[in-house]
1. Set the Förster radius R0 to 22 Å, insert the Cβ-Cβ distance between L16 and I88 as r into 1/(1 + (r/R0)^6), and round the FRET efficiency to 0.05.
2. Equivalent ellipsoid semi-axes for segment 12-148, as square roots of 5 times the alpha carbon gyration tensor eigenvalues: give them largest first, rounded to whole Å.
3. Between H47 and I118, what length in nm is gained on full extension when 0.36 nm per residue of separation is reduced by their alpha carbon distance?
4. Run the quick spin-label model on L136 and A65: label points 7 Å from Cα toward the beta carbon, then report their separation in nm to one decimal.
5. Using the alpha-carbon atoms, what tilt in degrees (0 to 90, nearest 10) does helix 125-148 show relative to the longest principal axis of the chain?
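FYI, it's all coordinate maths here, none of it is from the lab. As the structure is a prediction and not an experimental result, all values here were calculated from the model. Cβ placement follows ideal geometry from the backbone for every residue including glycine, while neighbour counts extend to all protein chains displayed.
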Amino acid sequence: MGDFNDAGPGLFRPLLLIASLTGTMVIARNLNLITLGEDRAEALGVHTRAVRIGIYLLASILTAAAVTLAGTIGFVGLVVPHMVRMVIGPNHSSVLPASVLFGGILLVLAETLARTLIAPRMLPVGVITAFVGVPLFLYLLRSGLKRQDP
């Protein structure tokens, strides 16, 4: 389970945040077009294969950096974008930065709860995020299955 005990100040984290936000904002328009369908996106000039490879590479690098910095804290990257999308809509130009902001807020709140619930001991942050993530993930699965039923 991950935590932020060793997360001291440093220049690497803000630079990583700026680079990742810049990278995601550059591909946001192409992501919006791909959601219309690959054929339509290709007709509109999006090289879907290159965008997919870029997304996979960016997601892999950012995931590796996040796990290196804080360990494995489950459900944040899985449910936060869905929560944000339910609130502000499907536009990736809004969803991507809002997900970064809301994910950070969720982690700060989870870290605060982890440190104070059974003080002076500390729960792993992943336990707190699981209490939020599991019910929401089950809700998303259930609502997705209802939409697929004829």
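1. Working: r = 24 Å, r/R0 = 1.09.
The pair L16/I88 has a calculated efficiency of 0.40.
2. Details: eigenvalues 184, 75, 28 Å².
Those come to 30, 19, 12 Å.
3. On the way: separation 71, 0.36 × 71 = 25.56 nm, distance 5.16 nm.
Full extension from H47 to I118 adds 20.4 nm.
4. 2.2
5. Helix 125-148 sits at roughly 30 degrees to that axis.
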